[in-house]
Structure formats: C-alpha cells, structure tokens
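One structure below.
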Amino acid sequence: MGKVLTGVKPTGTLTLGNYIGVLKNLASYQEDNECYIFIADLHALTLPIDPELLRKNSIDIACFYLAAGLDPKKSVLFLQSSVSEHSELAIILQNYLYMGELSRMTQFKDKASKEKEEGIGLGLFTYPVLMASDILLYDCEVVPVGEDQVQHVELCRDVANRFNKRYGKTFVVPKAEVSKVGKRIMSLSDPTKKMSKSDPKGDIYLLDDEKTIRKKIMSAVTDLGNEVKYDPENKPGISNLLTIYAALKDISIEEAEKEFVGTNYGTFKGAVADTVIAQIVPFQERYRKILESKEYEKVLREGAQKAKAQAKNTLARVQKAVGLLDVKEK
Ligand code: ATP
Ligand code: LTN
C-alpha cells in the first residue's frame, strides 16, 4: 500500500479544470493506497476572502470530494485547519527553505503581480512552506495535482532531501503525479491561460447548469481553419476542447482526434458539450444529496482525528531531529 495525498483550496466554486486535473481521478487511488485528501482552508487565506464564503466553499469541496467517489471508509478526508500539526511543522520547515527559492515560484509571481505591493501578505510568499508541511506530515509518496502545482511539489522534494541530509532520514520524499490527459485545462475564452477558479473568464463551474455549460462550450474561442486537430501552438482552442473530451472519455488525444476527422467545429463542440454534461450533471446530483444530508460533518470530524493521529507522529520525529525538547507527560 502506498500513501497518497492531495488538497484543494476553497477559494471559489471548483471548475472543470479542477475536476479533470484531480477530482475525477482521486477515487481510483483509494483502492490500493492510503489516501489523505484535504481542504486547504489555511491556504485560502493567502489572498483576501470573505469568511462566509470561505466556510461555504469549504463545505462545498468536502461534498465535491464525496461526490467524486471518495469513500470515508477508505480515504481520510479532513480540513487542513483541523490538524494543527500542519501549522506547527510549517514554523519549523520555514527555516530550511530560502527567500530566493520562494520568490521564483510561478504561482507567487502570478498572484503577486495582480496585487499592490502593500497588499501581498507574507502567507502568499510562504505558501509552499505550508504546502510542503501538508505533504511531509503524512509520509506520502504520491501527490496527484494539476501541472501548475508541480513546481511546489518539486520544492517540497528539495526541502525533504535537504532536511534528510542534515538530520538523517526523517521525511519520505514525495513525487507529483499529473494526469496523462488534462493536466492543464485552459480557459475557454483565452486558451493560452489556465482555467482557474479565481479568474472567472472562460471557466466552466462544476455547479453551472446544463444550459450554461452548453452555451459556454458552443461559444468557446476556436481557431482559424476547420480541422479538428491537436496542435496546442497553432490551435490552442480546439486542442483544449479535444483534451477535455479525451480526459472525460478516458481515451487518448489521438483516439479523440480520430473520432472527429472531417467534422466541423460546430458538431465537434456539440459533442464536447454532451460529454461534459453527461458527467457533470450526475456529479451535481450526488453533490446536492450529500450537501443536504450534511454527511460531510461527521466525515470531516472523523477524518481530522485520523489525520491527526498520523501527523503528530511525524511532527514529533521532526521536533526530535532538530533538537526540540519533549517534556510532555508520557
Ligand atoms: P485559484 O484560482 O484559487 O488559484 P485553482 O482553480 O488554480 O485556484 P486550486 O485549488 O489551486 O485551483 O487547484 C486544485 C487542484 O486542481 C490542483 O491540483 C491544481 O493543480 C488543479 N488544477 C487547477 N486548475 C487546473 C486546470 N486548469 N487544469 C488542470 N488541473 C487544474
Ligand atoms: N496548492 C494546492 C493546494 C494544496 C495542496 C497541498 C495540493 C495545498 N497543500 C498539498 C497537494 C498537496 C493548490 O493550489 N491546489
């Protein structure tokens, strides 16, 4: 049995990018692995967010995880803020990551460039420190993420290796795993940009109704010409729609291309819309049932206990390694 961990920030309603990039694959890990899946609510504080919205988004993500097939008997589902060891480990780990490394992170550069200098909180800068703590606390080997998060997981590997070299083997060194098809779904209105829940242009939201989904796909930006062909450089719009189609059908891009030889853009877009709707609508029904039943409350409470039991062992190991005294009652 391997150990797998991932998290999603409750910064907004999840998008089709989140679904294809991580959510839809998660259930398949839990058959052969011990899975730790969490809601990165502390990470959501790294940019201003309304408290009511943060609470609502956190509940939504818990329900989305369950609707995506995560089974609380097989996987541990929890809120990052319920396990204080995440924050405690981050305070220690921050001393082994450097300003230069953190300032080279693409996500930091992107998000910081949209803020005024005095509006960039320290948490946005130290984001990867907390993320490394999330990962290292659970001794996990595999971290399923979209492509944009690979750089953070690489940094986590660096800090784990650095720490192990200095103090002896303390951490398991994890690796990022991205899906073969759909590691980076692009915006439908600007297919050179990532579809991202905090940048609403060109997003399909997982709670959009059928009509809205169809409308958004039918009006997605396409490219010159009329051939349905995968060519991200010259045909970014069509390539993105082909990726969405292939990922949802669980087929390769080549297989998807073959299905649309000789078809026009309109027919192709209609088929993409049908495919998205066929998966998202039943997913939304499961989500609504879970939300109504409030079953997520018990799941998150029990998940926090299970996660804590594991996290506290790792934290104790780290505290001992660096020389912090343990004077707790035995
Ligand atoms: P934000 O806009 O707030 O930065 P986001 O939409 O990028 O959020 P995250 O919470 O950062 O979403 O991501 C959750 C998971 O979904 C991560 O593993 C991330 O890599 C993945 N992901 C996000 N956007 C996409 C996308 N467009 N394509 C594929 N995977 C994605
Ligand atoms: N940074 C991630 C969310 C996240 C995460 C993690 C993902 C926080 N901690 C640990 C994997 C492992 C994001 O933006 N989606």
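The values are calculated or read from the model by the stated rules, or taken from the named source; none is laboratory data. What you are looking at is a predicted structure, and each value in this text was computed from that prediction instead of being measured. Cβ: placed from backbone, ideal geometry, glycine included. Neighbour counts: every protein chain shown.
Counting only residues that are within 11 Å of ligand 2 (Cβ to nearest atom) and farther than 22 Å from Ala247 by Cβ, the stretch 21-43 holds 7 of them.
For Cys140, the requirement of being more than 15 Å from ligand 2 (Cβ to nearest atom) and either closer than 19 Å to Gly21 by Cβ or in a strand (DSSP E or B) (or both) is not met. Filter the stretch 144-189 down to the residues that are within 14 Å of ligand 1 (Cβ to nearest atom), part of a loop (DSSP other than H, G, I, E, B), at pLDDT 95 or above and of a type outside the set (Ser, Thr, Tyr) and list them by number. Passing the criteria: Val145, Gly146, Pro174, Val178, Val181, Gly182, Lys183, Arg184, Ile185, Leu188.
Evaluating Lys111 against the criteria (1) of a type in the set (Lys, Arg); (2) more than 14 Å from ligand 1 (Cβ to nearest atom); (3) not in a loop (DSSP other than H, G, I, E, B) leaves one unmet condition, (2).
Can Tyr65 be described as more than 20 Å from Glu141 (Cβ to Cβ) and either under 16 Å from the mean Cα position of the chain (by Cα) or more than 16 Å from ligand 1 (Cβ to nearest atom) (or both)? It is true that Tyr65 is more than 20 Å from Glu141 (Cβ to Cβ) and either under 16 Å from the mean Cα position of the chain (by Cα) or more than 16 Å from ligand 1 (Cβ to nearest atom) (or both).
If the condition is being within 7 Å of ligand 1 (Cβ to nearest atom) and within 22 Å of Val299 (Cα to Cα), then the stretch 2-21 contributes Thr6, Val8, Lys9, Thr11, Gly12, Asn18.
For every residue, the table says whether it meets (1) out of contact with any Cys (no Cβ under 9 Å at 6 or more places or on another chain); (2) under 30 Å from Ala316 (Cβ atoms); (3) crowded, with 20+ Cβ neighbours inside 10 Å.
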residue: Cys63; (1), (2), (3): yes, no, yes
residue: Gly69; (1), (2), (3): yes, no, no
residue: Lys74; (1), (2), (3): no, yes, no
residue: Val83; (1), (2), (3): yes, yes, yes
residue: Tyr96; (1), (2), (3): yes, yes, no
residue: Gln107; (1), (2), (3): yes, no, no
residue: Lys116; (1), (2), (3): yes, no, no
residue: Tyr127; (1), (2), (3): yes, yes, yes
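Taking the listed residues Lys56, Lys24, the one that is more than 14 Å from the chain's Cα centre (by Cα), more than 10 Å from ligand 1 (Cβ to nearest atom), assigned to a helix (DSSP H, G or I) and not acidic (Asp, Glu) is Lys56, with no other qualifying.
Annotation: of all residues in the stretch 186-203 being of a type in the set (Asp, Glu) and closer than 13 Å to Lys216 by Cα, the one that is farthest from ligand 2 (Cβ to nearest atom) is Asp190.
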